[in-house]
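Report on one structure; see the data block that follows.
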Amino acid sequence: MKLTEQTVSVSHKDALDGRKWMLIDAAERPLGRIASRAATILRGKHRPDFTPHQDAGDFVIIINASQVRLTGAKLEDKVYHRHTGFPGGIRTTTAGKLRDTRPERLLEMAVRGMLPKNRLGRRLFTKLKIYRGAEHPHTAQQPQTVKA
(Lines give C-alpha, C1' and ligand atoms only; values in the text may rest on other atoms or scores of the structure.)
Protein backbone atom coordinates (compact mmCIF):
# COMPACT_ATOMS: atom_id res chain seq x y z
CA MET A 1 0.00 0.00 0.00
CA LYS A 2 1.41 3.32 -1.02
CA LEU A 3 1.46 6.21 1.38
CA THR A 4 -0.88 8.17 -0.89
CA GLU A 5 -3.54 5.43 -0.89
CA GLN A 6 -4.39 5.62 2.79
CA THR A 7 -7.99 5.86 3.83
CA VAL A 8 -9.16 9.27 4.94
CA SER A 9 -11.16 9.72 8.13
CA VAL A 10 -13.88 12.32 8.27
CA SER A 11 -13.14 15.27 10.53
CA HIS A 12 -15.22 15.76 13.64
CA LYS A 13 -16.60 19.05 12.34
CA ASP A 14 -17.76 17.45 9.08
CA ALA A 15 -19.34 14.59 11.02
CA LEU A 16 -21.32 17.00 13.19
CA ASP A 17 -22.52 18.99 10.17
CA GLY A 18 -23.90 15.97 8.36
CA ARG A 19 -26.06 14.58 11.17
CA LYS A 20 -29.74 13.95 10.49
CA TRP A 21 -32.76 12.88 12.51
CA MET A 22 -34.22 9.44 11.81
CA LEU A 23 -37.66 8.20 12.90
CA ILE A 24 -38.37 4.53 13.63
CA ASP A 25 -41.91 3.28 14.27
CA ALA A 26 -41.75 0.34 16.71
CA ALA A 27 -45.42 -0.66 16.38
CA GLU A 28 -45.74 -4.45 15.99
CA ARG A 29 -42.04 -4.89 15.21
CA PRO A 30 -39.67 -7.20 17.13
CA LEU A 31 -37.64 -5.58 19.88
CA GLY A 32 -34.26 -6.81 18.64
CA ARG A 33 -34.81 -5.64 15.08
CA ILE A 34 -35.70 -2.14 16.24
CA ALA A 35 -32.77 -2.00 18.67
CA SER A 36 -30.16 -3.22 16.19
CA ARG A 37 -31.31 -0.76 13.52
CA ALA A 38 -31.26 2.11 16.02
CA ALA A 39 -27.77 1.16 17.24
CA THR A 40 -26.47 1.05 13.67
CA ILE A 41 -27.83 4.51 12.92
CA LEU A 42 -26.57 5.97 16.22
CA ARG A 43 -23.11 4.59 15.54
CA GLY A 44 -23.08 5.92 11.96
CA LYS A 45 -22.34 2.57 10.31
CA HIS A 46 -24.90 3.28 7.58
CA ARG A 47 -22.84 6.22 6.32
CA PRO A 48 -20.01 5.91 3.79
CA ASP A 49 -17.76 8.09 5.97
CA PHE A 50 -18.04 5.83 9.05
CA THR A 51 -15.18 6.27 11.50
CA PRO A 52 -15.13 3.86 14.47
CA HIS A 53 -13.65 6.27 17.00
CA GLN A 54 -15.90 9.27 16.27
CA ASP A 55 -19.48 10.23 17.00
CA ALA A 56 -20.57 10.52 13.36
CA GLY A 57 -24.02 8.91 13.62
CA ASP A 58 -27.48 10.40 13.37
CA PHE A 59 -30.15 11.12 15.97
CA VAL A 60 -32.80 8.41 16.37
CA ILE A 61 -36.43 8.90 17.44
CA ILE A 62 -38.39 5.74 18.29
CA ILE A 63 -42.16 6.09 18.58
CA ASN A 64 -44.86 3.63 19.69
CA ALA A 65 -42.53 1.91 22.16
CA SER A 66 -45.51 0.49 24.04
CA GLN A 67 -46.49 -1.56 20.97
CA VAL A 68 -43.11 -3.26 20.47
CA ARG A 69 -43.37 -7.02 19.96
CA LEU A 70 -41.53 -9.76 21.83
CA THR A 71 -41.49 -13.14 20.13
CA GLY A 72 -42.05 -16.51 21.76
CA ALA A 73 -42.59 -16.65 25.51
CA LYS A 74 -40.26 -13.73 26.25
CA LEU A 75 -43.04 -11.67 27.85
CA GLU A 76 -43.04 -14.06 30.83
CA ASP A 77 -39.61 -15.72 30.57
CA LYS A 78 -37.23 -12.81 29.90
CA VAL A 79 -36.15 -11.31 33.22
CA TYR A 80 -34.39 -7.98 33.83
CA HIS A 81 -32.35 -7.37 36.99
CA ARG A 82 -31.35 -4.13 38.67
CA HIS A 83 -29.78 -3.31 42.01
CA THR A 84 -30.85 -0.55 44.39
CA GLY A 85 -27.36 -0.17 45.84
CA PHE A 86 -28.35 -1.46 49.28
CA PRO A 87 -27.40 -4.90 50.64
CA GLY A 88 -29.81 -7.50 49.29
CA GLY A 89 -31.33 -4.90 46.96
CA ILE A 90 -31.60 -6.95 43.77
CA ARG A 91 -34.89 -6.32 41.98
CA THR A 92 -36.19 -8.43 39.11
CA THR A 93 -39.00 -7.81 36.66
CA THR A 94 -40.25 -9.56 33.53
CA ALA A 95 -40.19 -8.08 30.04
CA GLY A 96 -43.99 -8.09 29.89
CA LYS A 97 -44.35 -6.13 33.11
CA LEU A 98 -41.66 -3.69 31.98
CA ARG A 99 -43.41 -3.21 28.63
CA ASP A 100 -46.66 -2.37 30.43
CA THR A 101 -45.12 0.05 32.96
CA ARG A 102 -42.08 1.61 31.22
CA PRO A 103 -41.80 0.55 27.56
CA GLU A 104 -39.15 3.21 26.91
CA ARG A 105 -36.83 1.48 29.38
CA LEU A 106 -37.20 -1.83 27.54
CA LEU A 107 -35.92 -0.30 24.30
CA GLU A 108 -33.24 1.74 26.08
CA MET A 109 -31.70 -1.37 27.63
CA ALA A 110 -31.78 -3.23 24.30
CA VAL A 111 -30.09 -0.41 22.37
CA ARG A 112 -27.56 0.34 25.13
CA GLY A 113 -26.42 -3.27 25.05
CA MET A 114 -25.59 -2.91 21.36
CA LEU A 115 -23.47 0.23 21.71
CA PRO A 116 -19.78 0.38 22.71
CA LYS A 117 -19.10 0.08 26.43
CA ASN A 118 -17.02 3.25 26.78
CA ARG A 119 -17.40 7.03 26.79
CA LEU A 120 -18.20 7.02 23.07
CA GLY A 121 -21.11 4.67 23.72
CA ARG A 122 -22.41 6.89 26.51
CA ARG A 123 -22.23 9.88 24.19
CA LEU A 124 -24.01 8.03 21.38
CA PHE A 125 -26.80 6.99 23.76
CA THR A 126 -27.73 10.64 24.41
CA LYS A 127 -28.86 10.90 20.76
CA LEU A 128 -31.57 8.27 21.27
CA LYS A 129 -35.08 9.60 21.93
CA ILE A 130 -37.82 7.07 22.78
CA TYR A 131 -41.52 7.83 23.16
CA ARG A 132 -44.38 5.62 24.33
CA GLY A 133 -46.97 6.87 21.83
CA ALA A 134 -46.99 8.24 18.29
CA GLU A 135 -46.36 11.89 19.28
CA HIS A 136 -42.90 13.36 19.67
CA PRO A 137 -41.61 16.94 20.13
CA HIS A 138 -39.01 16.75 17.33
CA THR A 139 -41.10 17.71 14.29
CA ALA A 140 -38.98 20.85 13.79
CA GLN A 141 -35.97 18.63 13.04
CA GLN A 142 -37.87 17.07 10.08
CA PRO A 143 -36.98 13.42 10.82
CA GLN A 144 -36.75 10.94 7.97
CA THR A 145 -38.75 7.73 8.41
CA VAL A 146 -36.63 4.57 8.48
CA LYS A 147 -37.93 1.09 7.73
CA ALA A 148 -36.62 -1.03 10.60
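The values are calculated or read from the model by the stated rules, or taken from the named source; none is laboratory data. Fair warning: this is a prediction, and the values are worked out from it, not measured in the lab. In this analysis, Cβ positions are derived from the backbone assuming ideal geometry, glycine residues included, and neighbour counts consider all displayed protein chains. Remember, those area values only see protein heavy atoms, side chains included, never the ligands or the DNA or RNA. Shrake-Rupley method; radii C 1.70, N 1.55, O 1.52, S 1.80 Å.
Points to keep in mind about this one:
- So Arg112, is it out of contact with any Gly (no Cβ under 7 Å at 6 or more places or on another chain), under 20 Å from Thr40 (Cβ atoms) and not hydrophobic (A, V, I, L, M, F, W, C): yes
Matching residues to (1) within 30 Å of Thr139 (Cβ to Cβ); (2) surrounded by 12 or more Cβ atoms within 10 Å (Cβ to Cβ):
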residue: Ser36; (1), (2): yes, yes
residue: Leu42; (1), (2): yes, yes
residue: His53; (1), (2): no, no
residue: Gln67; (1), (2): yes, yes
residue: Lys74; (1), (2): no, yes
residue: Arg82; (1), (2): no, yes
residue: Thr92; (1), (2): no, no
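- Test result for His83, out of contact with any Ser or Thr (no Cβ under 8 Å at 6 or more places or on another chain) and either closer than 22 Å to Ile41 by Cβ or of a type in the set (Asp, Glu) (or both): no
- Sole exception among (1) under 30 Å from His12 (Cα atoms); (2) open to solvent by 20 Å² or more (accessible area, probe 1.4 Å) for Ile62, by number: (2)
- Failed condition for Gly57, given (1) in a loop (DSSP other than H, G, I, E, B); (2) closer than 19 Å to Ala35 by Cα; (3) over 17 Å from the mean Cα position of the chain (by Cα): (3)
- Total residues in the stretch 120-147, condition over 12 Å from Ile63 (Cα atoms) and of a type in the set (Gly, Ala, Ser): 2
- Any hit, the stretch 95-108, residues being of a type outside the set (Asp, Glu), closer than 30 Å to Asp14 by Cα and buried (at least 17 other Cβ atoms within 10 Å of the Cβ): yes
- Set side by side, the residues Lys129, Lys147, Lys117 differ, and just one is at pLDDT below 95, within 30 Å of Thr51 (Cβ to Cβ) and among the charged types (D, E, K, R), which is Lys147.
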